[in-house]
Every structure is written in structure tokens, then in C-alpha cells.
1. Given a cut-off of 29 Å, name the pairs among 134/373; 297/400; 122/373 whose C-alpha atoms lie farther apart than that in the structure shown.
2. Would you kindly state how much longer the chain becomes between residue 217 and residue 128 on full extension, computed as 0.36 nm times their sequence separation minus their alpha carbon distance, in nm to one decimal?
3. Hey, if you put +1 on the Cβ of every Lys and Arg and -1 on every Asp and Glu Cβ in segment 287-446, which of 362, 290, 407 ends up farthest toward the positive end of that dipole?
4. Which net charge results when you count Lys and Arg as +1 and Asp and Glu as -1 among the other residues whose beta-carbon is under 14 Å from that of residue 262?
5. In nm, to one decimal, how far is the residue 247 label point from the residue 208 one, both placed 7 Å along Cα→Cβ?
6. Can you check what the net charge comes to around residue 330, using other residues whose Cβ is under 10 Å from the Cβ of residue 330 (Lys, Arg +1; Asp, Glu -1)?
7. Straight-line reach from residue 89: which lysines fall under 25 Å, measuring Cα to Cα and dropping same-chain residues less than 8 apart?
8. Pulled fully out, how much extra length does the chain show between residue 398 and residue 74, if you take 0.36 nm times their separation in residues and subtract their Cα-Cα distance?
Amino acid sequence: MSGGEQEGARGGGRHPSSTTLAVDPHHPVSASRVRTTPRSYGSRRGAGPRPCILLLLVVLVALAGVVEGQQKRDETLQSEQKKLQQTQKRLKEEREKAAAARARETSLLAELEQIEQRLGEKQAEVGRLAARIKRTQADIATLRGEIMRLEGQRGGQEEALARRLRVMYRVHAQGGALPLILSGDDPVTRAMAVRHLASLAVLDARLIREYRGTSDRLADRKGREEGRQQELAALHAEAQTEQAEVDREAAKRRTLLARVRDERAYHERMVGELTEASRRLEAFISELQARQRRLAKVPPPKGGIEPPGVGFGNLRGRLPWPAEGRIVVPFGAQVHPRFGTRTFRNGVDIEAAEGTDVTTVYAGHVIYTGWFKGYGNLIIVDHGSEYYTLYAHIAEIEVKEGEDVRQGQRIGTVGDTASLAGPRLYFEVRYQGKPQDPAEWLRQRG
């Protein structure tokens, strides 16, 4: 084997393509190999960094997926938070509605009080409108009287003016006033004629002024009467509107009271509320007593003592009645005939016509006037020696707190404020804050 062959053999062991190039460098295949070998070699050398690029791409794709997933999770979270806020808002609204419904359900006395207050306001407005209507009608009657008088006066003035016009017509028909003045030769007669004509002219002017003044006053009275008539029509329309409101509020009140009478649930709720109102009144009277004692600087009395036989305490069975009527609900324990509910009455109901006078049973000092839930318009009178009387369901209170009253003095009128059974007077007698049976204190009738 020649040296070149040996060298080729050795070289062929390292790279197969080198032998072909050595044998025939101009062979087409060899030429191709010569051209392609470097690219092939270069590609094999460049194969080293490809795994890094692929790894980078994989990481980027993974990061993009993570970012996209995070964005989707954020959008989902925001959507859920928005839904949660809407749900919380709806829940709050429903809770508020439920609370309002519970308040309505558990406050029959408050509802009755609101209805009665609106009813009282509307009735007062109707009363004010009725008074204005009455005053306006009186004004119209006065204006009509003045119009009739002025029309009569103007008629007389028209007659006087007509007579003067007829005289002036006759004078002018005879040639006027100048021939009368110049008819005589006596200057004195002429002067008297001139003065007479001047006086007639002054009289005519005065008649015309009076006629115009009467006509102006008549036109003014007629205009005022027309204005009053329009005002009267507006007042009648307003009064009708207010009366319609009164009728609606009265219908609401009747509906509520009918439910209290006819439906057990409403009745039992009302009984519970009235019992609570009675407890509030007990506490309120205790506060009033304490205040009265502080003002009088009198120590609290010892419990269990009998009512003193002086002043008010000396009139057991002899007190006058606070209103003309009869006791329809007595003092003490009561059982409802239909529902069987048990209550305790601290006073009596005296049935009387609405508007009946309410009078004090004994002289005393008014320590409270106003609305008290469950009792309506309430008056409390301190009679001294720890004695008090209470008058409730009053229509019109006619005394003020701090006022001294005498026995038999009118302090209000019977009404049905906060009453469940129509017009009546609720009356209590208390000694040291404890209720007494009023029937034992009032004088017997018949």
C-alpha cells in the first residue's frame, strides 16, 4: 500500500467524505459534498444551543398561560365580588322591608295613634275651613246689605237728578237762563236771579258728585262681594277635599278596630300592647309622684297604710261623676267573652255621648295634659295627699299643665281618642300611685 493510500486509510477512519474528495475532487457528487459538507458540519456544530431555545419557548408559553390564567381568575373574582355586593344589597333591602313589616305588625297602637293624629288634624282643618266659610258668608251678607242700601241711595239720587234735568230742559226750552236774568230792570232782582242760578248750579254739581261717589262705592261693594263669592267657592271645594280625607282616615280606623274585635291575632296583639301601655302609665305616674314630692319636699309614704280620711280621702262614695253616662267596663280583672284573654283594668269606662262635658271630681292641680299611647288625650289631676285622678280618651283638652282646677270644673269633652269601642271616658282614681276602684268613690245614682 502506497503512502497516499495509507494516509487515506487513516483519514478515512476519521471522516468518510475526505476519501471521496481526495480520489476525485471534480466528480459532481464530490463537488456537491464539498459544497454541502461545511453547511452540514456547521449545522451539527449549531445543534448545541437548540435545547436552550426550546426550553425558553416552553417557559414563555408556560408564563403566558400562567398570566392568562391569573387574569381569568382575577376577572372571575371580581365578578363574584360584584355578585356578592348585589346579594348583600338585596339582603339589606329585604331585611329593612322585614323590619318595617315587623314594626307595623307589632305596633297596632302606634298605627292607631298615627291614624287618629291624621284624623284629628284633618278634622281640625275642616273646622277651621268651616269657620272661614262662616266668616266669609257673614261678609257676603254684610256686603249685600250695603249694596242694597247703596242701590236705594243711588236710586234716590237718580230721581233728584232726573227732576233737575227736567227743570233745566224747561228753562232751555224757554230760551235759557239769560232771558230770566235780563227780564227785569231792577238790579237787585237781577242779582238775586244770578245768585239763585248759581246756587242751583252748585246743588246740581253736588248731586252729580254724590251720585258718582255712590256709584263708585256700589261698584266696589259688588266687586268685593264677587271676590268673597269666589273665596267661598274655593273654601267649599277645599273643605270637601279635607272631609274626604277625614272619611278615608276614619275608614282606616274602623278597619283596624274591626280586625282587633274580630281577629284573634290582632286582638291578642292589642291586648299585649295595652298591657304594656298600662305598665308605662304606672311608671309615668311614679315619676310624676316623685316630682311632686320633690316640689313639696315631702318624703315618700310608708307602704301599706290606709287612705287618710281627710280632703279627697274623706269623700269615698260621695264624689261627683266626671261625666254623664254609665259604667260599661268595670274596674279589675276582665275576661274577653269571645277570645278568653285576661286583662286587668285599673279604671272604668264611662259610656257617654261624644262632646259630653268632662269635669273634675275634686279640686286639684293639673300635672299632665297630652297624648299618651293607649289612652289618647289624657289629663292627670293631683288632689293632694297622694290622690290622683286620670281622665282619658278626651276629645278636646280645655286645661293646661300647672293650672289649678275646682270641683266640677269642665276640663274637656268626651271623645274616642285611642278608644277601641267608640266615645267614652276612661276614669281612674289612684292613691300613692296604686289604682282604686272608681265605683267605690263615685256617689250612687238613683
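1. From 134/373; 297/400; 122/373, over 29 Å: 134/373.
2. Details: separation 89, 0.36 × 89 = 32.04 nm, distance 3.13 nm.
My answer for the length gained is 28.9 nm.
3. My answer, from the dipole projection, is 290.
4. Values: positive: 254, 259, 261, 264, 269, 338; negative: 263, 268.
Around residue 262, the charge tally is +4.
5. A separation of 6.0 nm, rounded to one decimal place.
6. On the way: positive: 345; negative: 349, 437.
With Lys, Arg at +1 and Asp, Glu at -1, the net is -1.
7. Result set, ordered by chain and number: 97.
8. Numbers: separation 324, 0.36 × 324 = 116.64 nm, distance 7.28 nm.
Length difference between fully extended and current span is 109.4 nm.
Taken together, the values in this text are just the output of simple stated rules run on the coordinates, not laboratory data. As the structure is a computational prediction, the values presented were derived from the model and not from experiment. Note that we place each Cβ from the backbone using ideal geometry, even for glycine, and neighbour counts take in every protein chain shown.
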